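Any read-out appearing in this document is the output of simple, stated calculations on the displayed coordinates, not a laboratory observation. Since this is a predicted model, take the numbers as computed values, not measurements. Here Cβ is always computed from backbone atoms with ideal geometry, including for glycine, and neighbour counts include all displayed protein chains.
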There are 2 protein chains.
Amino acid sequence: MFFHFRQKFPQLNAYWDKYLPFQKRQEVPAKTLLLAEGRRSQQYIFIEKGCLRAFLNKDGNDKTVQFFFEQEGLASFESFVNNTPSVISIETIEPSILYMLPKKYVLQLVEELSREPNFAQMVLQMSAQRQAHYMNEFVSFIRDTPEQRYQNLLKKKPKIVQRVPQHYIASYLGVSTVHLSRIKSKLAKGKSHF
Amino acid sequence: MFFHFRQKFPQLNAYWDKYLPFQKRQEVPAKTLLLAEGRRSQQYIFIEKGCLRAFLNKDGNDKTVQFFFEQEGLASFESFVNNTPSVISIETIEPSILYMLPKKYVLQLVEELSREPNFAQMVLQMSAQRQAHYMNEFVSFIRDTPEQRYQNLLKKKPKIVQRVPQHYIASYLGVSTVHLSRIKSKLAKGKSHF
DNA sequence: CTTGAACGATAACATATGTTATCAAGTTTT
DNA sequence: AAAACTTGATAACATATGTTATCGTTCAAG
């Protein structure tokens, strides 16, 4: 979480560097499960290369809630703090190179950070931004049609559409693979009209 | 936000009491718009009596995202901190008695609180809990069928089903009023089988 | 008391979306 | 190179859900 905000809060760089040595580098193949639904998150994950997804399971077929790419970090922060079982699973989509920081060090880092002068303000801003992010995802999900959401993806995050297999996209949009195909062919027809 | 945590952090009571005088009591009829989509949230709202809903508009018909009742407080916290336009609207469902604390005082209160010894820890916990809450709402929305969500409501928040007109429930579940009726009649048939 | 909203049920029909099956092309494994 | 798997498109059919319209009830405003 905190590492996302290095640009914004340069004071954090020192901490980041200090905990670098405790990160474990790991190369993992595609479809490696990194966190299973129901387990407690045990580490912070930073992606050097590759791509992951967060998803949840429903009667065998799963729903993707978020994609992650190079230079992004992730952790179920609320699972750390509340020590609750994770409601989502995390796995690699492509073969990936990851850096993992065990929970122990994350908590230790937070403890150190909490003595930084403006830590409270930072936390406020961070959580406000994260909330805004989730809120927007949620709003888009309940307000927009799958077709609109797909066009949004194309426009705002073309990287996802290019790199990620279609069935993950479908599960992210909340439709079946068949229906996503229909959406694509419909859009293609629309465009060819000139 | 912070007032939700009085039991958990009794140190907050003093602040709460201190800012009581700045709250404006207000009696409003049903269907009063308190915050319009696109505007910036200007106050913290505490409900003494009545019931509100947060919703967002989509081509004329709206989608309810949350209900609020007596003794609950609400504010678009991220709108305060980020100073961004709200993505949701808030209105009363029943005639209500509210206490409003203007944004100015909320920020002032946060400023004071940030000098509390464990403020950072409190913020961490609060935001972790809120995130968990939104996450669960989101997960339930994408994982469960409308029928399951309705049964969940019945079980976990019967108050909502009893007090809130059905079309708001329908818009909360993400279905039309007609379909909610169908769900109810189907469940009723199921139950009468003895 | 009467009138008109607001609320909720239901039917009939239209549309959106899921499911299953099949085919084809591309990749990986053996 | 052959086999197995992954990915994606498409058709046919089934189901879920939306839309519109109608009706009865309740409840508040005149």
| Can you tell me the Rg and Dmax of region A:42-194, counting just the alpha carbons, in angstroms? | 18.2, 62
| query | What's the longest piece of chain A with no exposed trypsin sites (Lys or Arg not before Pro), counting a site as exposed if DSSP puts it in a loop and it has at most 13 other beta carbons within 10 Å? | reply | A:116-194
| task | For A:Arg163, go 7 angstrom from Cα along the Cα-to-Cβ vector, then report the distances to that same point in the other copies in nm, smallest first. | result | 4.7
| Any idea what the dipole of region A:2-116 comes to, in debye rounded to 20, about its Cα centre with Lys/Arg Cβ at +1 and Asp/Glu Cβ at -1? | 160
| task | Return the subset of B:Lys58/B:Lys103; A:Lys156/B:Lys157; A:Lys155/B:Lys155; A:Lys186/B:Lys159 for which the Cα-Cα distance in this structure is over 32 Å, preserving the input order. | result | A:Lys156/B:Lys157; A:Lys155/B:Lys155; A:Lys186/B:Lys159
| note | Per the rotation taking chain B to chain A, min distance Cβ-to-axis on chain B (residue, whole Å) equals B:Ser127, 2
| task | Distance between Cα centroids, region A:132-150 to region B:63-77: provide it in whole Å. | result | 20
| query | What is the spin-label model distance, in nm, from A:Arg25 to B:Leu33 if the labels are put 7 Å beyond Cα along the C-beta direction? | reply | 5.7
| request: Work out the length of the dipole vector of the protein assembly as shown about its Cα centre, built from +1 on the beta-carbon of each Lys and Arg and -1 on the beta-carbon of each Asp and Glu, and round it to the nearest 20 debye. | output: 1080
| For the protein assembly as shown, alpha-carbon Rg relative to the globular expectation (2.2 N^0.38 Å, N residues) | 1.06
| query | Out of B:Ile88, B:Pro165, B:Val178, whose Cα points farthest toward the positive end of the dipole of chain B (charges: +1 Lys, Arg; -1 Asp, Glu; placed on Cβ)? | reply | B:Val178
| query | Measuring label to label, 7 Å along Cα→Cβ, what does B:Asn13 give against each other copy in nm, shortest first? | reply | 4.7
| message | Using the Kirkwood radius over C-alpha pairs as Rh, can you work out the diffusion coefficient of region A:2-116 via Stokes-Einstein at 4 °C, viscosity 1.567 mPa s, in µm² per second? | response | 88
| query | Which whole-Hz couplings ³J(HN,Hα) result when phi for each residue of region A:63-69 is put into the Karplus expression 6.51 cos²θ - 1.76 cosθ + 1.60, θ = phi - 60°, listed in order with x for Gly and Pro? | reply | 10, 7, 10, 7, 10, 10, 10
